[in-house]
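Reading through the structure tokens given below for one structure.
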Amino acid sequence: MSTHTYKKFENSDSGDLPDKMTIYQDCMNEFNESPVNSKRCRLLISRLLRLMAQGETFPESEATALFFSVSKLFQHQNDSLRQAVYLAIKELSGISEDVLMATSSIMKDVQNGSDLIKPNAIRSLTVVLDESTAFSAERLLKSAVVSKNPTISSASLTASYHLLPISETTIKRFTNEAQEAVVDLKPFPQNDVTGDYYPNSTFITQYHALGLLYQLKKNDKMSLMKLVRQFAETNNLKNQLAKVQLVKLVNDIVQRDPQLFTQFQQLLYNWLSNKFESVQLETSKLITSFATTNPRLVSPELFAAAIQTLQGLLTVPRVTTKFAALRILNRISMVSPEKIVICNPELESLINDSNRNVSTYAITILLKTGTAKNISSLISTITKFIHEVSDDFKIIIIDAVRTLSLNFPQEWKSILNFLIDVLKNGEGGFKFKNSIVEALIDIVSFVPQSKELALENLCDFIEDCEFNEILVRILHLLGKEGPYTSNPSLYVRHIYNRVVLENSIIRSAAVVSLSKFALAKNDPTLKDSIVSLLKRIANDKDDEVRDRASIALQFIESSESTGDSAKDLIQAKYSYDYQSLESKLVSYMSDSDAFKAPFEGSTVRRITDDEAKAMDLKRKQEQLQSGSLESGAGSSGSLESGSTPDERADKATYKGPSVDQHKEDLLATKYADELLSIEQFKEFGTLVNSSNSVALTEPEAEFVVRGVKHLFKEHVVFQFSITNTLTDVILDNVSVACTPEDPENSQLEELFTIPIDRLAPSTEAASYIAFRKSEDIVMEGFLCNLTFTTKELNPDTNEPFDGDEGFQDEYEIDSIFLNAGDYIKSSFIGDFTTTFDELPNEEVAVYNIHENISLQEVIDKLVTNTSCLPLENTQFAPNDSNSHVLKLFGKSALTGVKIALTVRMIKSSKGIALKAQGKSEDATLCADLVNGLM
Amino acid sequence: MSSLSLYCVEALLILDGTGDRVYAKYYQPPHSNSYVQNASLIKNVKKQKEFEKRLFGKIHKHDTEILIFEDHIVLYKEYMDIILCLVGSIDENEVILQQGFTAFRDSLDLILDSGIDKKNIQDHFDMVLLAIDETIDNGIILETDPATIASRVTKPPTNEPQLHLDLDKGLMGAWGFAKSKLQERLQQGL
């Protein structure tokens, strides 16, 4: 290295650093010099630390040498060098050996150093001590905790906190001192202020002491309670952080024992109006999140007060506070948006906040709390705003709008116009456009009225779209929906344009799409023109395109002779249940004998388009309920690395009230597979329908039982999934005895029972009972009794004791009902009203419910009982109204006939009155369903 | 839900105008194995730098103060050619983190006489480090009052007290001693 470059680094004006070896050599030379040049040493330490902050590191031997040299500097009594030495020791201790050797020098400083140095010395004890030496610092740390100087006290408390995992016994002896440190308000000694600044004690020592105390007492609920009482009632806590810590402490207690919540209600109430915003936030967070898991324990007044506090925090000028309040409100909006509607005015004014994070949050919350009234105004506000925000935010907004379109199908026009506007005029990357297209696809499939307008605009869009993936998706959609519109030839032109202009990927997608138009309507001219187009494409230079065109032509020609089968191949009417298809294929592949026969595709559950849509809609609405749609978007969209205002952590802590429907669907498939794998059921033929599983016991019972009803053509099977929640008892020969409620007139003949041989602790297994029934719809109730033999478990072997005969026991569980709903599959229909009017047979029934339950509970019950799909977003009862109309649609699982229901309900002081009006192609089914609603 | 741990700050970063780090410190409780949420970030410098670049892309020229980034709360402030960031755990009370961040920012403001910029930070790196060390200790917020922090940050020592003078005196003394001895001998010899 030339003298010139060397000099460059000597000049402290330069921002550059010399290389690693130079620094190392300089440090080694200078630190070992005697006498010590303190100015130069501090400069070198500063350089060394800068180097390490860049991520550079030293091999262990060099680091150890450096550490050793640095510790030589202890002989120099300059405070300002000493502070730097401590920094170096902390940084180097991670990578060097023998850090213990500095202990005695550090301890000397703790005892005799100046007040400036003492805290640094105490805190660096953390890094040099280990399990075996930690006890030696006990006396020093203890006396430092009670020091009058707040900095020394804090340093000692944090050092103890760090050391806690390795020397709990030692630190435990500080409990009293720590307690004192919370109570003791330590100001800075005013007389010996040396520097230019006047320290002003924030009493943050209280925070550190409280943090340590919690760790020391965390297993003892009673003493935690005592802590809270002691510090909450006397007004001892001055520090903001300490107060927040206290709120968290209360949270910890009530999470462990929710019943204690009532004791803290008054305290929480007071904290909501605490002078610190952080305390208000933390308290509101506590109350609202606790309310989602334990709604009964939180009084409505307290909850309202928490919301009010948050509402107030929305108007403060500090961004962080607003942001935090919005975060909490956003969590609530996923679970129960109706509860925060009162914040809407504040939220609306935040839409135009200069801070984009804040405004985006406000919009997403508003979109969730939105009611039919303010949607169009909301949409127009967003339209002004969306072009200015970044892609990530746009995607969040688009997703929120998409869920809105599912919730308020009647508002499709403004939503559609908005989406089309952003699609055509918005600048953005692939993920942004893709999310718009996805939203449009959702609207097209669930709001049929919007179909033509949306498709036409999508056609315009593909004229000028740079993303292959999106183009392919749109072409597929056009092929699927286009043939059934009033003017299919319009789309044919657009699709054919793609064939002429685009690359081979898009050409092949366009071919498939085109071929679907040929047979959809019995329009010979359309068919002829498509055939001629396809013939032209059959000369394409790309193999794939050519192949697809030839296949399509072949199908179209053969459709004249074979009819429907070719049609099915071009435009499939159903898809397979992919999960069972996969498992069937896997088992087919694993068995080499099976190859002798072709794979039997007909046993796989088929899902028709309407059913698929029904499932899709149900899933999306449920997601909306549990708020996971947003988080889901967060992990699938571009937000993977982005700033989703939603976070996984939120999802984990805020579970929606409803059971995850999708999971239940999966469960049903699993049950069905298990069922069909049992030999005795094979002769029953194919499974017609399975009901949702219903709880037959309280979820906290010793034995939890859930029932599922499986329907076959002439048989019915009840499946009881039984969970043994006990840890020390094993159950043998478990079965459920079902006796008809009305044995005289029972139309079901019991065939056999399959018991569970042995149910180990904390496991789940299923017992089955089979009945023969006639082909008609049979409805009956059964009284159920769980029968089993209990045996105690030998704790050593986890087996029952030898010779233990156990004793017979019975356990009464709720009755299981086979009702009309079990014969119905939920199905989707775009235009409910027209369909309803067209169906021939009508049946009306009136019910009066005298129990005190909410409309929402009635709706939930109706939906489960009928197994129909609620349409037009009628499954949510408005909070502010006493009447509601529920629209349900389904198809018979046996014959596939449609059934539609409208249920009008009015809530009064006497109870709820229902008027159900059912219409169906099948009069008996209709009557059975309508009369068996409740 | 909010954890009761005092370890609430996960990292402190000072990035320059191009997203390169000027200072970066990822915190980890010194003696505990239970807290491994950030394990990959703490150990792996390459990942840290990637994280910083991604974060920089999100916050550069977006003056929003606070955001949620990859399951962390990030508070930041952009100056001319430098960005100060505090990365906190997702469950922590935002206002508490804000307190820690403000303390960090304002104490830098106090100790760096001519304002916060890249050159000033590099020139007074030792003081910046001390200020950070006095604000956050292994992820615990140690102090929130900027004046208290600034009062605990020492300036680099001024030039060494006149050691060489003593040395001169010693040499002179020795010389004088030798001279007198020599004179004595010479006189005796004479």
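The values are calculated or read from the model by the stated rules, or taken from the named source; none is laboratory data. These numbers were taken from a predicted model, which means no experiment stands behind them. All Cβ positions, glycine included, derive from the backbone under ideal geometry; neighbour counts span all protein chains shown. Heads up: the accessible areas ignore ligands, DNA and RNA and are worked out on the full protein's heavy atoms, side chains in. Shrake-Rupley method; radii C 1.70, N 1.55, O 1.52, S 1.80 Å.
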Order by protection proxy (mean Cβ within 10 Å, highest first), peptides A:77-85, A:211-219: A:77-85, A:211-219
Sequence-distant residues sharing a close amide H with B:F69 (under 5 Å, placed H): B:V74
Residues losing 10 Å² or more accessible surface upon assembly, segment B:87-105, compared with the chain by itself, 1.4 Å: B:I90, B:D91, B:E92, B:N93, B:E94, B:V95, B:I96, B:Q98, B:Q99
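Say the cut-off is 25 Å between C-alpha atoms; which of A:K172/A:K275; A:K394/A:K887; A:K451/A:K613; A:K142/A:K217; A:K433/A:K891 go over it?
Where the Cα-Cα span goes over 25 Å, the pairs concerned are A:K172/A:K275; A:K394/A:K887; A:K433/A:K891.
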Per residue solvent-accessible surface (Å²) - the protein assembly as shown, probe of 1.4 Å: 44
Chain-alone versus full-assembly comparison, segment A:114-129, residues with accessible loss of at least 20 Å² (1.4 Å probe): A:L116, A:N120, A:R123, A:T126
Rg/Rh for segment A:751-865, where both radii come from Cα atoms and Rh is the Kirkwood radius: 1.14
Amide proton proximity set for B:E10, modelled H, under 5 Å, gap of 5+: B:V87, B:G88, B:S89
FRET efficiency, A:H476 to B:W175 (Cβ-Cβ, R0 60 Å, nearest 0.05): 0.05
Inter-label distance for A:I853 and A:R536, nm, one decimal - labels placed 7 Å from Cα along Cα-to-Cβ: 6.3
In segment A:345-447, GluC sites (Glu not before Pro) in a DSSP loop with at most 12 other beta-carbon atoms within 10 Å: A:E388, A:E427
Positive-end residue of A:S156, B:V45, A:P448, charge dipole of the protein assembly as shown with Cβ unit charges: A:S156
Percent of Cα pairs exceeding the 20 Å cut-off, where the set is segment A:215-340: 42
Per-residue mean of C-beta atoms belonging to partner chains within 10 Å, peptide A:197-207: 5
Segment A:662-818 - Rg and Dmax from Cα coordinates, angstrom: 16.3, 55
HN-Hα J in Hz across segment A:313-329 - Karplus 6.51, -1.76, 1.60, θ = phi - 60°, x for Gly and Pro: 5, 5, 9, 6, x, 6, 4, 4, 5, 4, 4, 5, 5, 5, 4, 5, 4
Other-chain or far-sequence residues with amide H under 5 Å of A:L751's (modelled H): A:A770, A:F771, A:R772
Å³ per residue enclosed by the Cα convex hull of segment A:815-934: 94
Reduction of at least 20 Å² in accessible surface, 1.4 Å probe, comparing all protein chains with the chain by itself, residues of segment A:314-337: A:V319, A:T320, A:F323, A:A324, A:R327
Segment A:482-499 - phi-based ³J(HN,Hα) in whole Hz, Karplus 6.51/-1.76/1.60, Gly and Pro as x: x, x, 9, 8, 6, 9, x, 5, 4, 6, 4, 4, 4, 5, 5, 3, 4, 4
Area of A:E131 that stays accessible when all protein chains are in place (1.4 Å probe, Å², to 10): 120
Pairwise centroid distance, computed over Cα atoms, of segment A:293-351 with segment A:207-263, Å: 24
0 to 90° range, to nearest 10: angle between helix A:60-72 axis and chain A longest Cα axis: 40
Segment B:9-151 - percent of accessible surface contributed by carbon and sulfur, probe 1.4 Å: 48
Fraction of accessible area attributable to carbon and sulfur, chain A (%, probe 1.4 Å): 50
Inter-label distance, nm, simple model (7 Å from Cα along the C-beta direction), A:N294/A:H76: 5.9
P(r), alpha carbons of segment A:665-728 - 10 Å bins starting at zero, rounded %: 21, 47, 25, 8, 0
Two-decimal Rg to Rh for segment A:44-114 - Kirkwood Rh, Cα set: 0.96
Average Cα contact separation per residue, chain A, under 8 Å, 6 or more apart, as relative contact order %: 5
Chains B and A, summed buried accessible surface - 1.4 Å probe, Å², nearest 100: 6800
For chain A, calculated [θ]222 nm from helices alone, where every DSSP H run of n ≥ 4 adds -39500 (n - 2.57): -16500 deg cm²/dmol
Note, ³J(HN,Hα) from phi for segment A:173-188, Karplus 6.51, -1.76, 1.60, rounded to Hz, x at Gly and Pro: 6, 8, 3, 5, 5, 5, 4, 4, 5, 5, 6, 6, 8, 9, x, 6
Largest to smallest accessible area among A:K613, A:K516 [probe 1.4 Å]: A:K613, A:K516
Surface accessible to a 1.4 Å probe, A:M225 within the full protein complex, Å²: 10
Diffusion constant of the protein assembly as shown at 20 °C, which comes from Stokes-Einstein with the Kirkwood Cα-pair radius and 1.002 mPa s, µm²/s: 61
For the protein assembly as shown, size of Cβ-based charge dipole, Lys and Arg +1, Asp and Glu -1, in debye: 3700
Solvent-accessible area of A:I395 with every protein chain in place, 1.4 Å probe, in Å² to the nearest 10: 10
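Would you mind getting me the FRET efficiency between A:D130 and A:S61? Use the beta-carbon distance for r and R0 = 25 Å, nearest 0.05.
0.75
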